[in-house]
Amino acid sequence: MADHDQITTARRALGRHLAHLRKAAGHTQHGLARLVQYGRSSVANTETGRQHPERSFWTRCDQVLRTGGVLTAEYDRIADLDHQRRHSPTALDSRTCSTTGNAVWEHEDHITARRLALTTATDDDARLAYLGHEVRDAIDNNERCPPATLVARLRPLRVCVDQLMDARQHPPQRARLYTTAAHLSGLLAALALDLRALRIARAYAAEAYDLAHAAQQPDLQAWARATQSLVAFYTGDLHDAVTYAEDGLRQAGTSPHRIRLTINGQARALARLGDRHGVDRCVERAFALLAEHPPNGQVSTSLTLGPYCPARTAANAATAYLALGHTTNVTDHLTTAIGAFDSAHLRGPQALSRLDLATAHLHDGDLDQAAELALQALTLTADHHFESVHHRTRHLLTTARPFGHHPQLQAVADLLAQRTHLGTAPRPGLRSPA
């Protein structure tokens, strides 16, 4: 049976083997660390035998270095030898204690193991910083990039988060991990919604809230409830959308997410439910809350981790009033919002605001302008798949059915049918893929 020195020697040999394979593949320690999503110090300490990372580290190294699994196999062999040594009857006493004079001490290996556990905290900090940055960047680009592109980018992050959730961290790191995990699940919920994976969207949104609730972070809980409300709105669960928003507001305290919960969560769903007085109250409250958060010149994204900006608040107010059939002040709100969204190159809001402005023109009888704006919206998102844009285009076409003879409006219906692969045989009037 292998003794402690033999296992130590084997681990050092495994570290040297990793260093040899890394250099042969042309990677620096820092470069390999990024690829396997560990800290550079972890790679360096492992190569010299000072650190003994978990099995997943070796599996990822095998994948990156294309070794055919030799590193993981050697790790498993050493782990098996160490297990046998630690659990053998003859080794038990020497493993657990050491006697000097009249004192009984822990074995040195136990103290060393705890010290190394503290060393890995630096590694976890680096991974958490990387994950947090990537998730925040994806949230910022959510309405600029095609949803499918972002989903592919986030898959490895999901794996990394899962591995960290199964590991052990210090309490502050654990709190950061739960925050990042909640934001990642909320973002995936919105992306699943845009890709029309509705059940998946609900599941991710619920997971985001559960993570926020487990972390006991009110601001994060408010953000997650706002995301659940968004998903419920676009899946037609309007009462749920209102309920999630109201619960988010109860937990929000002074959180900047109160604006989003009020205007994006409550107002729009209440409008679809026909509650004009409720919409008036929500719009008034949202604009009052804006005064607590002076604008910084930036246009907020739909899943922003800060407050909604004036342009987005105005755009959501316009959406609510249009759903009620009221166009007073809507055109002014939308003209301002479209200018801001165009400058920020946010494809989703660019399209959605144009569709709302098209609806306003329909109410005013300007069919040509309404059709032109709708075609612009679908053209802007030709390389994307925003279910919210398709959803709002369907509502526009429903409003436009009395004008089914109009050729440009018919072109909008045909383009939407082509875009969503729901083309049907021609029939009289306006073809709307409801």
How many residues are over 22 Å from Ala224 (Cβ atoms) and either touching a residue at least 40 places away in the same chain (Cβ under 8 Å) or not in a helix (DSSP H, G or I) (or both) if we restrict to the stretch 295-317?
-> 7
Those helices (runs of 4 or more DSSP H) lying entirely in the stretch 1-80 with at least 1 residues under 28 Å from the mean Cα position of the chain (by Cα), buried (at least 19 other Cβ atoms within 10 Å of the Cβ) and not β-branched (Val, Ile, Thr) = 29-36, 40-47, 55-65
Single unsatisfied condition, Gln84 versus (1) out of contact with any helix residue (DSSP H, G or I) (no Cβ under 6 Å at 6 or more places or on another chain); (2) closer than 18 Å to Arg12 by Cα | (2)
State yes or no: is Thr313 crowded, with 24+ Cβ neighbours inside 10 Å, closer than 25 Å to Ala351 by Cβ and either under 29 Å from the mean Cα position of the chain (by Cα) or in the same structural domain as Val135 (by TED's automatic domain parsing) (or both)?
-> yes
Test each condition in (1) closer than 23 Å to His257 by Cα; (2) assigned to a helix (DSSP H, G or I); (3) not hydroxyl-bearing (Ser, Thr, Tyr) for His361 and report the one that comes out false.
-> (1)
Taking Thr304 and the conditions (1) touching a Leu at 6+ places or on another chain (Cβ under 7 Å); (2) within 29 Å of Gly132 (Cα to Cα); (3) of a type in the set (Val, Ile, Thr), which numbered condition does it fall short on, given that it satisfies the others?
-> (1)
Note on the stretch 335-346: residues assigned to a helix (DSSP H, G or I), in contact (Cβ under 8 Å) with a residue 40 or more places away in the chain and surrounded by 21 or more Cβ atoms within 10 Å (Cβ to Cβ) are Ala340, Phe341
List pairs: first in the stretch 170-184 and in the same structural domain as Ala126 (by TED's automatic domain parsing), second surrounded by fewer than 21 Cβ atoms within 10 Å (Cβ to Cβ) and not hydrophobic (A, V, I, L, M, F, W, C), Cβ under 6 Å, 6+ apart or cross-chain?
-> Thr180/Gly132
When you go through (1) among the charged types (D, E, K, R); (2) surrounded by fewer than 16 Cβ atoms within 10 Å (Cβ to Cβ); (3) modelled with pLDDT of 80 or more one by one for Arg427, which number turns out not to apply?
-> (3)
Subset of the stretch 35-64, residues more than 19 Å from Val159 (Cα to Cα) and either touching a strand residue (DSSP E or B) at 6+ places or on another chain (Cβ under 6 Å) or not polar (S, T, N, Q) (or both), comes to Arg40, Val43, Ala44, Glu47, Gly49, Arg50, His52
Single match in Asp364, Asp356, Asp368 (criterion: within 30 Å of the chain's Cα centre (by Cα) and either surrounded by fewer than 16 Cβ atoms within 10 Å (Cβ to Cβ) or not assigned by TED's automatic domain parsing to the domain that holds Asn142 (or both)) | Asp356
Residue check for Pro295: modelled with pLDDT under 90 and more than 20 Å from Thr327 (Cβ to Cβ) = yes
Would you check which residues across the stretch 125-162 are modelled with pLDDT of 85 or more, surrounded by 14 or more Cβ atoms within 10 Å (Cβ to Cβ) and aliphatic (A, V, I, L, M) and list them?
-> Leu128, Leu131, Val135, Ala138, Ile139, Leu150, Val151, Leu154, Leu157, Val161
Restricting the stretch 391-410 to residues that are closer than 21 Å to Arg347 by Cα and surrounded by fewer than 20 Cβ atoms within 10 Å (Cβ to Cβ), the residue that is nearest to the chain's Cα centre (by Cα) | His391
Hey, any hits in the stretch 399-408 for a residue that's touching a Lys or Arg at 6+ places or on another chain (Cβ under 6 Å) and outside any loop (DSSP other than H, G, I, E, B)?
-> no
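The values are calculated or read from the model by the stated rules, or taken from the named source; none is laboratory data. Fair warning: this is a prediction, and the values are worked out from it, not measured in the lab. Every residue, glycine among them, receives a Cβ derived from its backbone with ideal geometry; neighbour counts consider all protein chains shown.
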